[in-house]
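Participant: My structure is below; once you've seen it, I'll send some questions.
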Amino acid sequence: MLNIKTIDDATISQRVYQLNLGPQHPSTHGVMHLLLTLDGEVVVKIEPIIGYSHRGHEKMAENRIYEQFLPNPARMDYLSGMIFNHGYCMAVEKLCGIEVPRRAEYIRVITSELNRIASHFIGTMDYAMGLGAITPFLWGWDDRENILDLLEMISGSRLTYSYGRFGGVRNDITKEFYDGTRKFIDRLRSRFWDYENLINQNVIFIKRSRDVGVITTEDALAFGVTGPTLRGSGVKYDVRKNEPYSAYPEFKFEIPTRKEGDCLARYQVRMAELEQSINIIEQALDHLPPGPVRAKVPRFVTPPEGDCYVTFESARGAAGFYIVSDGTRVPYRIKVRAPSFSNLFVLTKICPGHFLADIVAIFGSIDVTVPEIDR
Amino acid sequence: MNITQLPYIKDVYGFLGSDVMSGLVGLLIIAALVPLNVAFLVLVERKVAGHIQLRPGPMEVGPHGILQTLIDAVKLLGKEMVTPSSTDKLLYWLSPIIVVAPAFVGFIPLPFSPLVQIKDVNVGFLLIFSFSSIGVISILMGGWASNNKYSLIGAVRSVAQNVAYEIPLLLATMPIILMTNTFKLGEIAQAQAQSGLWFIFYQPIAAIIFFIATTAETNRAPFDLVEGESELVSGFHTEYTGMRFSLFFLAEYTNMVIAAALFTTFFLGGWHGPVLPGAVWFFAKTYFLLFVVMWIRWTYPRIRFDQLMNFAWKILIPIALVNLFITAIVLKVL
């Protein structure tokens, strides 16, 4: 990292130029637009420009009944659709006071954690691809494919699931899914060794990641950063532990943290979380309670007047649904807290002084999904 | 082919002068060999990449996709060659032509076997290096003329990288020159064939430096910052389409072949090997090295630009200098 303060403003105004990284660029994960001010290859200023995939999900919610909004949350964060779907269902259930059967809670946890693994594979391996290593990406893709197959088996779709229903899930899991998940866990455990050798120990990978894009604990808290990005900066905060929801209090798992706050730390946190997610899934499969998977809920829910906020841990951090009800079948307002939005803007603080190539790395290590930011 | 050694051909074409004639025939052979070889290498690259990445690679065109690159070449030929409106037209047009020409010249002094060599030029490897330096100029031209910031960054990187890595490259070959007292590539290979001990055993450090430097010179991963698709989209050839793009591609792979062939000549004994004819050994060694280069490409991430420069100036050049110095002293004492 260079000290850009040594150059005075007058010199900078003469020698800098602007570069539009995106909205169409191989490593901006969709349609993110980063307006960079560069001095040679060193970034002086960075300005994320959002809104290219704004589809007005929050406005849509005001024009349809609660059930009709079910497919939308998964389309906000398309990489952890199951988790967002879970969160939305929880919010409506809290508003209506619906009790969810334990078996349904367990199934929700299993599917959410599977989805988290799939999402972290994108987060970590896409980061490696940002550094120029294409093979890890395809290896991760291969493992993720198994998860998508499993989730397709029970929900019918591969990415934008709406498997959760108010008061439970749509259908019970099959024996095929149960055995397939067990098999997948065994396979994934044996694959960690490969990842360790292919990238975690790779000299160039470590050289490119260490001390790059350091987010200090103060910065992370000031910008409202959450999720693996926050845990990489040394804060032990995970909604699943700190504000437990669903069946999470019944499982034993660790919250991996790193103190360094650089790209490597964030990468390592995500890799460590894969193992924790596996542990949770295994415990849930071991103690899967019998019973119904869906509570008795009217065909169309009509929550009483009032509001509620439900927060949950998506793959990218603490997401939340704030729902205001005016006592009709249509929500008055739904506000989504998108973790990617807060995580993204920490870039403006940490990027200046880094090289152009590092921007891609830092952006990848923060792991944002653009549709979630824009909604 | 060293046609001058075949007397009847010399008689028939004597009126043209044997040198001119052998040069012409040689260039024709190169012109046929290079694109075919590149087509084959691209297929190998895609297959190697595929198998490393847990997928089969191209499978559709022909058995196991062996005709894929031919179809791709046809596709690229049929594509429109777009010239963006704000480019420097002349330089933009000239750049892909200039990049290919020196790559062809590099084949002239390569000793494929004791008999198969177009011309054992007495400045041998200097010829190859000086011509390969022209390739950099064309990359700079293309990057500048494209009038695109990504292309320009790629081109600027290319110049800095090539200047930095040419020095350790030459320093790594100097010990071999000291040991053999010749610039002729044929004689260097001959020296190893006679003693039976390849120079890689005498000069392992020089061999490693040479390998790293040629990888950087040919812009291959992990030193492919000139193209660096994750940050620079496609680097200096971002604006190039169709056949112009494929000429850059052709030059890249041809340079790879020349680099591997040079390594074979300098360090792996050239054509030297038991039982099989020399040319077979030469190509086997060259293709093995090309496979190693591909293997590295699909395993390692890309190094950052300042790290690349530090690596050349702070690590490779001092080691190469010390190695050269020690070689010189040992040769003088012995």
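Participant: Per the Kirkwood treatment, what hydrodynamic radius in Å, one decimal, follows for chain B from the mean inverse distance over all distinct Cα pairs?
Facilitator: Every distinct Cα pair counted, the radius reaches 21.0 Å.
Participant: Continuing with the same structure: Kirkwood hydrodynamic radius, computed over distinct alpha-carbon pairs, for segment B:17-145: how many Å, to one decimal? Before the final figure, lay out the partial values.
Facilitator: Details: mean 1/r = 0.0570 Å⁻¹.
Here the Kirkwood hydrodynamic radius works out to 17.6 Å.
Participant: I'd like the mean, over residues of B:213-223, of how many other protein chain beta carbons sit within 10 Å of each residue's own Cβ.
Facilitator: Mean partner-chain Cβ count within 10 Å for B:213-223: 1.
Participant: Still on this structure, please answer the following. What is the dipole size for segment B:84-333, taken about its Cα centre, with +1 at each Lys and Arg Cβ and -1 at each Asp and Glu Cβ, in debye to the nearest 20?
Facilitator: Working: 13 positive and 12 negative charges, 43 e Å.
It works out to roughly 200 debye.
Participant: Separate question: Over the protein assembly as shown, what lengths in whole Å, largest first, do the semi-axes of the equivalent ellipsoid take, defined as the square roots of 5 times the eigenvalues of the alpha-carbon gyration tensor? Display every interim value, and only then the final one.
Facilitator: Details: eigenvalues 659, 142, 117 Å².
Each semi-axis is √(5λ); the values are 57, 27, 24 Å.
Participant: Here is a further query. With r defined as the distance between the Cβ atoms of residue A:197 and residue A:332 and R0 fixed at 60 Å, what FRET efficiency is calculated, to the nearest 0.05?
Facilitator: With a Förster radius of 60 Å, E is 0.65.
Participant: Here are some pairs, A:175/A:241; A:175/A:296; A:259/A:349; A:94/A:241; which of them have Cα atoms lying more than 22 Å apart in this structure?
Facilitator: In this structure, A:175/A:241; A:175/A:296 exceed 22 Å between Cα atoms.
Participant: Enter the Cα centre distance for the pair segment B:271-328 and segment B:91-105, rounded to the nearest angstrom.
Facilitator: 25 Å
Participant: Could you provide, to the nearest whole Å², the per residue accessible area of the protein assembly as shown with probe 1.4 Å?
Facilitator: Heavy-atom SASA per residue in the protein assembly as shown reads 41 Å².
Participant: What is the count of Lys pairs in segment B:84-333 whose alpha carbons sit under 24 Å apart, if the two are 8 or more places apart or on different chains?
Facilitator: Close lysine pairs found across segment B:84-333: 5.
Participant: Here is a follow-up. Run the dipole for chain A about the Cα centre, Lys and Arg Cβ at +1, Asp and Glu Cβ at -1, nothing else charged, and hand back the magnitude in debye, nearest 20.
Facilitator: Roughly 640 debye for chain A.
Participant: Would you mind calculating the gained length between residue A:15 and residue A:158 on full extension (0.36 nm times residue separation, minus the Cα-Cα distance), in nm to one decimal?
Facilitator: 46.6 nm
Participant: For the pairing of chain A with chain B, what total accessible surface becomes buried, with a 1.4 angstrom probe, in square angstrom to the nearest 100?
Facilitator: 2500 Å²
Participant: Right, another one. Starting from the Cα of residue A:207, draw a straight line to each of the aspartates and glutamates and keep only those under 18 Å, dropping any in the same chain fewer than 8 residues away.
Facilitator: Those aspartates and glutamates meeting the cut-off are A:126, A:196, A:260, A:262, A:358, B:224, B:231, B:306.
Participant: I would also like to ask the following. Ratio to report: Rg/Rh of segment A:56-374, with Cα atoms as the point set and Rh obtained by the Kirkwood method; give two decimals.
Facilitator: We get a ratio of 0.97 for segment A:56-374.
Participant: Please check: in the Gaussian network model of chain B (C-alpha springs, under 10 Å), which one of B:227, B:166, B:60 has the largest mean-square fluctuation.
Facilitator: B:60
Participant: What residues in segment B:272-307 lose 40 Å² or more of accessible surface when the other protein chains are added to their chain alone (1.4 Å probe)?
Facilitator: When all protein chains are present, B:298, B:299, B:300, B:301, B:302, B:304, B:307 each give up 40 Å² or more of accessible surface.
Participant: Using a simple charge model, +1 on the beta-carbon of Lys and Arg, -1 on the beta-carbon of Asp and Glu, nothing else, what dipole does segment B:115-256 show about its Cα centre, in debye to the nearest 20?
Facilitator: Numbers: 6 positive and 10 negative charges, 40 e Å.
Computed charge dipole of segment B:115-256: roughly 200 debye.
Participant: When you look at the Cβ of every residue in B:228-235, what mean number of other chain Cβ atoms sits within 10 Å?
Facilitator: If you average over the peptide's residues, the count of other-chain Cβ atoms is 6.
Participant: How many percent of the accessible area of chain B is carbon or sulfur, using a 1.4 Å probe?
Facilitator: Roughly 74 percent, rounded to a whole number.
Participant: For segment A:144-240, just say rounded, prolate or oblate: build the C-alpha gyration tensor, square-root its eigenvalues into a ≥ b ≥ c, call rounded for a/c under 1.5, and beyond that prolate if a/b exceeds b/c, oblate if not.
Facilitator: Here segment A:144-240 falls in the oblate category.
Participant: Pull out a ≥ b ≥ c, the square roots of the eigenvalues of the alpha-carbon gyration tensor of segment A:248-375, then state rounded if a/c is under 1.5, prolate if not and a/b is larger than b/c, and oblate in the remaining case.
Facilitator: Since a/c reaches 1.5 but b/c is at least a/b, the shape of segment A:248-375 is classed as oblate.
Participant: Give the lysines reachable from residue A:59 as a straight Cα distance under 21 Å; neighbours fewer than 8 places away on the same chain don't count.
Facilitator: Excluding near neighbours in sequence, the set is A:335.
Participant: From the Cα trace of segment B:59-122, what convex hull volume per residue do you get, rounded to a whole Å³? All intermediate terms of the calculation are to be shown ahead of the outcome.
Facilitator: Numbers: hull volume 9.3 nm³, N = 64.
It comes to 145 Å³ per residue, whole-number rounded.
The values are calculated or read from the model by the stated rules, or taken from the named source; none is laboratory data. Keep in mind that this is a model prediction, so the values were computed, not measured. Please note: Cβ atoms are built from the backbone with ideal geometry, for glycine as well, and neighbour counts cover all protein chains shown. To get the accessible areas, we keep the full protein, side chains included, count just its heavy atoms, and leave off ligands, DNA and RNA. Shrake-Rupley method; radii C 1.70, N 1.55, O 1.52, S 1.80 Å.
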